[in-house]
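Notes follow the structure.
The values are calculated or read from the model by the stated rules, or taken from the named source; none is laboratory data. Bear in mind that the values here come from a model prediction, so they are computed numbers and not experimental data. Please note: Cβ atoms are built from the backbone with ideal geometry, for glycine as well, and neighbour counts cover all protein chains shown. Note: accessible area is taken over every heavy atom of the protein model, side chains too, but ligands, DNA and RNA are not part of it. Shrake-Rupley method; radii C 1.70, N 1.55, O 1.52, S 1.80 Å.
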Amino acid sequence: MSPSPLHPVPLLSVGSQDTPAPLPPLLPALQNPSPSRCGPSTWGLSCLLALQHFLVLASLLCASHLLLFHSLPPGGLSYSPAQLLASSFFSCGVSTVLQTCMGSRLPLVQAPSLEFLIPALVLTNQKLPLATKTPGNGEYEVKTVSLSLRLCSLTSCRGLELWNTPLREVSGAVVVSGLLQGTIGLLGVPGRVFPYCGPLVLAPSLVVAGLSAHKEVAQFCSAHWGLALLLILLMVVCSQHLGSCQVPVCSWRPASTSSTPIYMPVFRLLSVLTPVACVWIISALLGLSVISLQLSDPTEAPWFWLPHPGEWDWPLFTPRALAAGISMALATSTSSLGCYALCGQLLHLSPPPPHACSRGLSLEGLGSVLAGLLGSPLGTASSFPNVGTVSLFQTGSRRVAHLVGLFCMGLGLSPRLAQLFTNIPLPVLGGVLGVTQAGVLSAGFSSFHLADIDSGRNVFIVGFSIFMALLLPRWLREAPVLLNTGWNPLDMFLRSLLAEPIFLAGLLGFLLENTISGTRIERGLGQRLPTSFTAQETQKSREKAAQEYGLPLPIQNLCSCIPQPLHCLCPMPEDSEDEEGGPSKTGEMADLLANSEESCPTASREGFRSQ
């Protein structure tokens, strides 16, 4: 094991080619005079990275389902919870593949986000079935449902239907959210709004996104603080303390060729898989049963099934579901735009162009419609925890995102296999989400340097946006009578929307940033391209952005056939000339991809490069 130089390691961009990119070697002084520069199988390493992203996605899915089930009245489902989890895996896989192929083209994994969960919790908590008025005190209590409800037959047991109706209503809200979000994308609204979202809009949103889940993370970690702390410690040590250590690995090459070992930052690249496996094994050896009993239902799930709409029942569309769906669409659109900007920033790409943002939201809406029709109570959106995982690995790849999507689709076809992930210990769920959310929080703080943070105007905007976004949801929880308009759907809409911290931070930051006067340099809008860039370097970065965000050639050829109102989804020839954006320092965008004509190209930077 050999330490690397003490200079920062830049994150590396998603590549457009299919040629496997090599792992850069160490400096000449730290390695053999003529080392092999061809890394091991890129597909094998991509599969390991995809498996870790999948573990983060599975943690997020299990945590979201568990929190939703906990809010429902006593009872159960008329089908196995593993089937509900499998349908969510399937919809997330389809949405991920669509997003990376035809959406924003960023390596973003699609998963249920907190913006779906909050309105769903408000929707299920507002109506409690089987509530009876207790004589004498005038208070409402919920009847305790006997455990025999879980054992009675499905045909004669009414108690098992308790969860079906609320979940159908939540699924209806998810479908409404997807339709509205898809419409917003098709109209090109994200492309028109995104250019006005500077660093002072992005940074508060990311900070609040990182802080918003701390309560739920603590709730899962409290199941066993020892295991949770061990997992967090191992993830920090692997990704940070040992992240720059290079381990010699034998390349997988034919015996006829020389097998000179190459070096890889193994600890950093496996900073999720290794800690999760260690803690999971330790909990099994110690016999610690810290799993979710609500997800680990003893009902046997089928080995194979084909998810299709109306499997259990069709979504239920009510005025309350319509109100919750509108709030979901507005909040997830805000969250996804921040996710696009954060992923591009981590990969040192220019800000996403308007057509990429519009396509991204359109296909996210399509994924949510599919999820709702399949009976899933949660839609799909760009996953902040998975973007935080990119900052841990310090590499991003479209190929990895494709593999995650295909793996989720395959797992969605087998509820019995999906049921295995319900055995993930609760401290593992909390630890994984805690570390990845911390990566999002740190990225939010790093965005402040783009603007003049010493300006009184900027200090007020940042502080006011963050504090009020965290204050208002707590205020409404403490005083719910403030939103008692007398019309239930309107109350549902306001309570759902004002309980979304990321939406509040983005909205307040956007309004203050674009209504308070300030210079472009003060607002951080004049530092996208350094003045030291030559015209050739500037043109190269624009071509690079057009390549990364552009549609694949077969699909791009169809742009001339689509109607004029939908041209906002296609890159226009003038986009490459009008785009502003670029790396934060000179040369940062240069040579991020391997030359497709060279089998073993040279490299000058540490870090793993992937397609």
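Things worth noting here:
- Using R0 = 35 Å, the C-beta based FRET efficiency linking HIS214 and TRP314 works out to 0.45.
- Label point distance in nm, ARG477-VAL237, each placed 7 Å from Cα along Cα→Cβ: 3.4
- Residues whose placed amide H lies under 5 Å from that of ALA381, excluding near-sequence neighbours: ALA111, SER113
- Distance (nanometres) between label positions extended 7 Å along Cα→Cβ at SER222 and PHE467: 2.8
- Other residues with beta-carbon under 10 Å from the beta-carbon of ILE461 carry, at +1 per Lys or Arg and -1 per Asp or Glu, a net charge of +1.
- For the stretch 158-237, applying the loop criterion from DSSP together with a ceiling of 16 other beta carbons within 10 Å to the trypsin sites (Lys or Arg not before Pro) yields ARG158.
- Backbone N within the stretch 488-512 under 18 Å of label point (7 Å from ASN125 Cα along the Cβ vector): 488-504
- Principal semi-axes in Å for the stretch 350-453 [√(5λ), Cα gyration tensor, largest first]: 28, 21, 13
- Amide H contacts under 5 Å for THR395: LEU12, restricted to partners 5 or more places along the chain or on a different chain, H placed in the peptide plane at 1.01 Å from N.
- Mean projected area of the convex hull spanned by the Cα atoms of the stretch 408-483, taken over all viewing directions: 9.6 nm².
- Remark: accessible surface ordering of TYR263, TYR196, TYR340 (largest first) is TYR196, TYR263, TYR340, probe radius 1.4 Å.
- Sites ILE516 and CYS47, calculated FRET efficiency, Cβ-Cβ separation with R0 41 Å, nearest 0.05: 0.25
- The stretch 95-115 and the stretch 419-433: distance between their alpha carbon centers, rounded to Å: 22
- Annotation: amide H of MET264 within the under-5 Å range of VAL247, VAL249, sequence separation 5 or more or interchain, hydrogens built in the peptide plane.
- FRET efficiency, LEU306 to ASN488 (Cβ-Cβ, R0 30 Å, nearest 0.05): 0.20
- Total formal charge among the other residues, if their Cβ is under 15 angstrom from that of ALA209, Lys/Arg +1 and Asp/Glu -1: -2
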